[in-house]
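Student: Okay, here's the structure, questions in a sec.
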Amino acid sequence: MQVMKNLFLIVLLLIWSVSFSQDEKNNNAEALAQKLANPIASLISVPFQQNMDFGIGDLNGSRYTVNIQPVLPFQLSENVILITRVVLPVVSQYNITGVGESETGLSDAVVTAFLSPTKSKITWGVGPALLIPTGTDDFLTTKKFGIGPSAVALVQSGANTYGVLVNQLWSVAGSSDRPDVNQFFIQPFIAHNWASGAGVSFIAEYTQNWEASQSTLWFPLLFQELQA
């Protein structure tokens, strides 16, 4: 009888251990998903964003863009963290320029450094944004260096994240044969994450080119699935 009791206790402990491990796994996945929904989270990450655009310009061209977006945090003090974020576009476009049928390569990078307090009810950060002419094709680069302010603010309530990211860039150097850069960008976003680590994000991206009096508005819908 004592042996049966011991076996019963062992089985109960095993069931509790498996249940606890699964809960811990789900909690870790949910926490990681919430950090990935935060563009200035204290987390080293390299997200990839894929965009496909159609009907561009008079020639109804198309463009496929993969944004490589590494994020690297630096703890400056107990109360302040520096988050560096790079957006490096890899572009393949067809029938847009009217000169050649297609162009493929790197476009210009935007590098941002956010100073963010670690103890705040609302997550926010401010800092400089830099435009770096990394484009590998004349039609994929401004050939201009630019600088301007950038800011981000977000609130995470349970499984939901609400926020907005903005920046303004002005060219300060570069090729005199190219027009100056005077560009505003705003990106409001909403994300929902489940305990499994899966998530869905709705993003609106609005760009205003003040020099050319042109604006673009884009609405990507993003999904993610994490395995913890």
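Only the coordinates and a few stated rules stand behind these numbers; no lab work does. Computed from a predicted model, the values in this text were never measured in an experiment. Here the Cβ is made from the backbone with ideal geometry for all residues, glycine too, and neighbour counts use every protein chain on show.
Student: So how much slack lies between residue 207 and residue 121, counting 0.36 nm per residue of separation and subtracting their Cα-Cα distance, in nm?
Tutor: Numbers: separation 86, 0.36 × 86 = 30.96 nm, distance 2.91 nm.
Gain on stretching residue 207 to residue 121: 28.1 nm.
Student: Another question, if that's okay. What list do you get for 87, 110 if you sort them by fewest beta carbons within 10 Å?
Tutor: Arranged by neighbour count, lowest to highest, 87, 110 become 87, 110.
Student: Okay, moving on. Could you work out how far the C-alpha centroid of segment 159-210 sits from that of segment 132-158, in angstrom?
Tutor: What the calculation gives is 8 Å, centre to centre.
Student: With a 10 Å radius around each residue's Cβ, average the other Cβ atoms per peptide and rank 89-97, 118-126, highest first.
Tutor: Per-residue Cβ counts within 10 Å, averaged per peptide and sorted highest first, yield 89-97, 118-126.
Student: Using a 7 Å offset from the Cα along the Cα-to-Cβ direction at both residue 147 and residue 192, what is the distance between the two label points in nm, to one decimal?
Tutor: Each label point lies 7 Å from its Cα, and together they span 4.3 nm.
Student: Which of 177, 108, 137 comes first, and how do the rest follow, when ranked by fewest Cβ neighbours within 10 Å? Intermediate values should be presented prior to the final figure.
Tutor: Numbers: 177 6, 108 22, 137 16.
Going from least to most buried by this count: 177, 137, 108.
Student: OK, next. Excluding residue 62 itself, what net charge comes from residues whose Cβ is under 13 Å from its Cβ, given Lys and Arg +1 and Asp and Glu -1?
Tutor: Around residue 62, the charge tally is -2.
Student: Compare the Cα positions of 120, 60, 149 along the charge dipole of segment 58-203 (+1 at Cβ of Lys, Arg; -1 at Cβ of Asp, Glu; about the Cα centre) and return the one farthest towards the positive end.
Tutor: The listed residue farthest towards the positive side: 120.
Student: Apply the Karplus curve 6.51 cos²θ - 1.76 cosθ + 1.60, θ = phi - 60°, to the phi angles in segment 181-191 and return the couplings in whole Hz, x for Gly and Pro.
Tutor: 9, 9, 9, 10, 9, 9, 9, x, 8, 10, 9
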